[in-house]
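Structure record follows, encoded as structure tokens.
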Amino acid sequence: MSESLILRDATAADLPAIVAMLADDKLGSTREDPEDLTPYLAAFAELEADPNQRLIVAERAGAAVGTFQLTFIPGVAQRGLKRAMIESVRVVTSERGSGLGTQMMRWAIDEARQAGCGQVQLTSNAARADAHRFYERLGFVPSHVGFKLKLA
């Protein structure tokens, strides 16, 4: 890809493209609805109001080609370690394998450092074996077992 990449905070205008990326895979297609942006707009307003939350969009040639959420988590454990959490990482199909994901993660790690974080963590669905290999190549270590409890 010859066009330069811009990583920036998302705006409400980016939501249709972001939701489309979230829906464009086996897991996302069963839980996202790009036709109804109402819940996404409400969630975006909440994210935008919280200084510890950033919804990031990767843009190339004016088009959104990647996204992720970056959360800063102050904590008491580990001597007051501040952590960064990366969630909902997506890259458009045409950019997969181009190095975009690596650029996005390196950028997120740099942002975490600048925010004073001493650790970056993420979760990845157990079914996403390719994603696990990708994160391990970047130096992430599968150190914990995650649990979730769905609340109606």
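Each value in this text was obtained by applying a stated rule to the coordinates, not by laboratory testing. Nothing here was measured: the structure is a model prediction, and the numbers come from that model. Here the Cβ positions follow ideal geometry from the backbone for every residue, glycine too, while neighbour counts run over all protein chains shown.
In deg cm²/dmol and to the nearest 500, what is the mean residue ellipticity at 222 nm of the chain if only DSSP H runs of at least 4 residues count, each as -39500 (n - 2.57), divided by the residue total? When only DSSP H runs of four or more count, the value is -9500 deg cm²/dmol.
Computed 3J(HN,Hα) for the stretch 54-70, one whole-Hz value per residue from the Karplus formula 6.51 cos²θ - 1.76 cosθ + 1.60 where θ = phi - 60°, is 9, 9, 10, 10, 9, 10, 9, 6, x, 10, 6, 10, x, 7, 6, 10, 10, glycine and proline marked x. Just to confirm the filter: which GluC sites (Glu not before Pro) across the stretch 34-94 are DSSP coil and have at most 10 other Cβ within 10 angstrom of their Cβ? Loop-located and lightly packed - 35. Here each label is just a point 7 Å from Cα along the line to Cβ, and for residue 96 and residue 3 those points are 2.0 nm apart.
Between residue 29 and residue 78, what's the calculated FRET efficiency when r is the beta-carbon distance and R0 is 35 Å? Round to 0.05.
In this case the efficiency is close to 0.40.
With the Cα gyration tensor of the stretch 61-122 in hand, give its eigenvalues times 5 under a square root as the equivalent ellipsoid semi-axes, listed largest first in whole angstrom.
27, 10, 9
Among residues other than residue 73 with Cβ under 10 Å from its Cβ, the summed charge is +2 (Lys and Arg +1, Asp and Glu -1). Residues in the stretch 141-152 carry Karplus couplings, in order, of 10, x, 9, 9, 9, x, 10, 9, 10, 6, 9, 2 Hz; the curve used is 6.51 cos²θ - 1.76 cosθ + 1.60 with θ = phi - 60°, and Gly or Pro positions show x.
Computed extension length for residue 149-residue 126: 6.8 nm, one decimal, from 0.36 nm per residue of separation with the Cα-Cα distance subtracted. Listed values for the stretch 23-38 are Karplus-derived 3J(HN,Hα) couplings in whole Hz (6.51 cos²θ - 1.76 cosθ + 1.60, θ = phi - 60°), namely 7, 8, 6, 4, 6, x, 5, 8, 10, 10, 9, x, 7, 10, 7, 3, and x replaces Gly and Pro.
By the count of neighbouring beta-carbon atoms within 10 Å, fewest first, 44, 68 end up ordered 44, 68. Among 30, 11, the order by Cβ neighbours within 10 angstrom, fewest to most, reads 30, 11.
How do 132, 144 line up, fewest other C-beta atoms within 10 Å first?
Ordered by Cβ neighbours within 10 Å, fewest first: 144, 132.
Shape of the stretch 1-53 from the C-alpha gyration tensor: oblate (a/c of 1.5 or more and a/b not above b/c, with a ≥ b ≥ c the square roots of its eigenvalues). Counted by Cβ distance under 13 Å from residue 118, the other residues give a net charge of +4, where Lys and Arg count +1 and Asp and Glu count -1.
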